[in-house]
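Heads up: the structure comes next, in structure tokens.
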Amino acid sequence: MKISIIVPTFNNLNYLNFFLSSLKKNSLYDHQIILHINDGSDGTLDFAKEKKILFTYSKNNIGLCSSLNKAAQLVNSNYILYAHDDMFFCKNWDLHLENEIKKFPDNLFYLTGTNVSINSGLINFDCGSAPENFDEKKFDEFCKNDLSKDLQGSHWAPHLIHKDLWENIGGFSEEFNPGDGSDPDFCMKLWNKNVRVFKTISKFKVYHFSSITTRKGIIKLNNGTKTFTLKYGFNPRYFRKYYLKGDGSNHYNGPLNNPKMSLEMFVDYLINKLKFIYYKI
């Protein structure tokens with residue numbers, strides 16, 4: 001099974017190279033890799049040319065959403081997987097995805113990996129804080145022995161959808177550049193196209209060094225909560241809680257249903273409407 005893997009990157013060559021090494025050694029199949037290189041003056045641009053890696057390019061950092069949309073223009077397979085450049089994929093990650101895809105009668109699904117990190121993942125487990133001290137053997141053993149279950153209501157990268165779905169929703173919404181709030185918006189657009197499977201695959205694990213570029217203080221984040229609220233009438237937390245039912249602990253039990261109004265949901269809805277009015281003023 002071939003997947004088109006789209007990866008935005010911004011002067012993060014050390015981590016990018018490490019991520020690509022995990023694809024090379026841990027993939028069962030050959031996949032299409034597409035980078036969007038922002039700036040690239042740290043050597044990323046020359047690296048991609050030398051290694052003959054497919055890429056799109058912008059001289060300045062155009063933001064996560066625009067980067068992904070540009071990279072997606074070069075996709076030539078049926079499935080698109082968006083990944084960060086500071087991840088390390090587990091062995092046979094693509095086989096685990098293939099096995100999941102075969103379970104569905106149609107393409108109305110959104111599948112994500114299980115993020116493992118020192119202190120900010122779905123699973124907190126220390127295998128290192130950087131490529132230089134990453135304990136690959138420890139990570140492999142953890143992936144082999146971990147008994148975590150699939151989770152409900154995923155809304156994060158790495159995530160995979162069918163190319164037809166990507167085109168149907170228009171990819172990522174660029175009003176969320178440089179990126180805050182873009183994942184729940186992406187999922188909300190899928191929800192509005194009748195996608196009800198939002199599933200985290202426990203066997204598809206990735207070690208995530210987590211937001212390396214933003215932690216450098218290079219990028220000033222947008223107010224994604226405000227943009228989301230003005231677009232949909234409620235904030236991302238409301239969507240995650242009542243629609244996706246995804247707090248990182250609910251086990252997957254099948255496709256989601258439309259939310260039923262409860263007293264708690266109604267009160268939250270009124271609070272969100274007040275916030276919407278506040279943002280409008």
Residue in segment 104-122 that is nearest to N168 (Cα to Cα), counting only those that are of a type in the set (A, V, I, L, M, F, W, C) and at pLDDT 95 or above: L108
Conditions (1) within 14 Å of I33 (Cβ to Cβ); (2) in a helix (DSSP H, G or I); (3) polar (S, T, N, Q): number failed by S67: (1)
Cross-chain or 6+ apart pairs with Cβ under 9 Å, segment 49-64 first and within 19 Å of D86 (Cα to Cα), then acidic (D, E) and exposed (fewer than 12 other Cβ atoms within 10 Å of the Cβ): none
Residue match in segment 19-27 (condition: out of contact with any Cys (no Cβ under 9 Å at 6 or more places or on another chain) and farther than 23 Å from N78 by Cβ): yes
Among the residues listed as I62, I53, I34, the single one being β-branched (V, I, T), farther than 18 Å from F209 by Cβ and surrounded by fewer than 17 Cβ atoms within 10 Å (Cβ to Cβ): I53
Residue ranges of helices (runs of 4 or more DSSP H) in segment 149-257 with at least 3 members without any contact (Cβ under 8 Å) to a residue 60 or more places away in the chain and closer than 17 Å to A72 by Cβ: 163-169, 182-191
Tally, over segment 258-269, of residues that are of a type outside the set (F, W, Y), surrounded by 10 or more Cβ atoms within 10 Å (Cβ to Cβ) and not in a loop (DSSP other than H, G, I, E, B): 4
Subset of segment 21-31 (residues that are assigned to a helix (DSSP H, G or I) and either surrounded by 18 or more Cβ atoms within 10 Å (Cβ to Cβ) or in contact with a strand residue (DSSP E or B) (Cβ under 7 Å, 6 or more places away or on another chain) (or both)): S22, L23, N26
Candidate set: segment 73-114, residues that are over 15 Å from K2 (Cβ atoms) and of a type in the set (G, A, S); chosen: the one surrounded by the fewest Cβ atoms within 10 Å (Cβ to Cβ): A83
Selected residue (only one of K231, K226, K273 is surrounded by 13 or more Cβ atoms within 10 Å (Cβ to Cβ), farther than 30 Å from P105 by Cα and touching a Phe, Trp or Tyr at 6+ places or on another chain (Cβ under 6 Å)): K226
Boolean, S129 is of a type outside the set (V, I, T), in contact with a strand residue (DSSP E or B) (Cβ under 9 Å, 6 or more places away or on another chain), farther than 29 Å from N78 by Cβ and in a loop (DSSP other than H, G, I, E, B): no
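The values are calculated or read from the model by the stated rules, or taken from the named source; none is laboratory data. Worth saying up front: this structure is predicted, and the values here are computed from it rather than measured. Ideal geometry is used to build each Cβ from the backbone, glycine not excepted, and the neighbour counts take in all protein chains shown.
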